[in-house]
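Everything on this sheet refers to the single structure shown next.
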Amino acid sequence: MSWFLAAFKDLNGRNSGIYNCRAVRGSTRTTSLHGEGRAVDFGLKYAEDIPAYDRFAEQLRLNSAELGIQCIIFNRKIFSGGYESKGWHRYTGVNPHTDHLHVEFSWSAARRSVDDTVALWEKELRGKTTGVVKPQGNTAKPAVEKFPTDYKDLAVDGVFGKQSVKAFQILMRAVGYYNRAVDGDFGYYTVIALQKWLRGLGYYPSSKYVIDGKAGRATYKALQQFLAKKKTLDTRKWLIDGKFGKETIKAFQRYLNTQNGK
Ligand SMILES: [Zn+2]
């Protein structure tokens, strides 16, 4: 909670509770982990225009093993460390968790001192979450940071070949949306990364689109909108039409070249 309050003070993150000896809401029998003092409720209202909040939840999931997190409930989604490979599932409990993010710790993580926990969270999440958290109103643009990566400048040739895909995968690894091999294959997991990344940037809202690993019009449209914003796609000349054509690919390659650590 100390870590969260410091990291999310600009977004008015608040302490919505740690210890609370009660049953799970909607049940008289199951005791909430708050009753064991190893659950925390990070208080922040969910909103589409706070990509940092989604990114935070995602970073908790991706770093759950390191942080000793066994369960996360957030915005009608649940993640369980026991079924790590399944990722998020739909959460159908009584409380939709749209005004706080609930996190449960393993006993060993719960027993760490506050200082050790804060140090660990700083180490695991610094630069991924805390470094990019900015207050964001409706007009604020999504936080986009430059990430040190290392790949060769791509030829801006409008062909999304192996080198381009690899460059994208390297970037996705750097920002935490992809943890698989850099193999140049524009397959399911790479598309998942693309969709999550665009969502994190505020271009692929969960109210409209699903993260399904299938690149289609909605995904490419979101990508085009992002590239237009980055001014590598010239919308005076080219339409935002959801097609992954030569000009869109060139714009994407130009953008990837701006991210290669130079
Ligand atoms: Zn809770």
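Observations on the model:
- Residue under evaluation Y177, criteria (1) modelled with pLDDT of 90 or more; (2) crowded, with 22+ Cβ neighbours inside 10 Å; (3) part of a loop (DSSP other than H, G, I, E, B), criterion not met: (1)
- Count of region 1-36 residues which are touching a residue at least 24 places away in the same chain (Cβ under 8 Å), in a loop (DSSP other than H, G, I, E, B) and surrounded by 14 or more Cβ atoms within 10 Å (Cβ to Cβ): 6
- Residue within region 87-98 that is surrounded by 14 or more Cβ atoms within 10 Å (Cβ to Cβ), among the aromatic types (F, W, Y), more than 16 Å from the ligand (Cβ to nearest atom) and in the same structural domain as G17 (by TED's automatic domain parsing) present: yes
- Looking only at region 71-89, and only at residues there that are among the charged types (D, E, K, R) and touching a Phe, Trp or Tyr at 6+ places or on another chain (Cβ under 7 Å), the one that is nearest to R111 (Cα to Cα): K77
One line per residue, one yes/no per condition, for (1) away from the ligand (no atom under 14 Å from the Cβ); (2) touching an Asp or Glu at 6+ places or on another chain (Cβ under 8 Å); (3) of a type in the set (D, E):
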residue: M1; (1), (2), (3): no, no, no
residue: L5; (1), (2), (3): yes, no, no
residue: L11; (1), (2), (3): yes, no, no
residue: I18; (1), (2), (3): no, yes, no
residue: R22; (1), (2), (3): no, no, no
residue: T28; (1), (2), (3): yes, no, no
residue: L33; (1), (2), (3): no, yes, no
residue: F42; (1), (2), (3): no, no, no
residue: K45; (1), (2), (3): yes, yes, no
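- Candidate set from region 37-70 (those that are of a type in the set (V, I, T) and touching a residue at least 60 places away in the same chain (Cβ under 8 Å)); member that is farthest from S106 (Cα to Cα): I50
- Residue within region 198-215 that is within 22 Å of Y151 (Cα to Cα) and either in contact (Cβ under 8 Å) with a residue 12 or more places away in the chain or in a loop (DSSP other than H, G, I, E, B) (or both) present: yes
- Selection status of K230, assigned by TED's automatic domain parsing to the domain that holds G187 and within 24 Å of D185 (Cβ to Cβ): no
- Candidate set: region 73-84, residues that are more than 20 Å from A23 (Cβ to Cβ) and surrounded by 21 or more Cβ atoms within 10 Å (Cβ to Cβ); chosen: the one nearest to the ligand (Cβ to nearest atom): F74
The values are calculated or read from the model by the stated rules, or taken from the named source; none is laboratory data. Quick caveat, the model's predicted, so the values are computed rather than measured. Cβ atoms come from the backbone with ideal geometry, glycine included; neighbour counts cover every protein chain shown.
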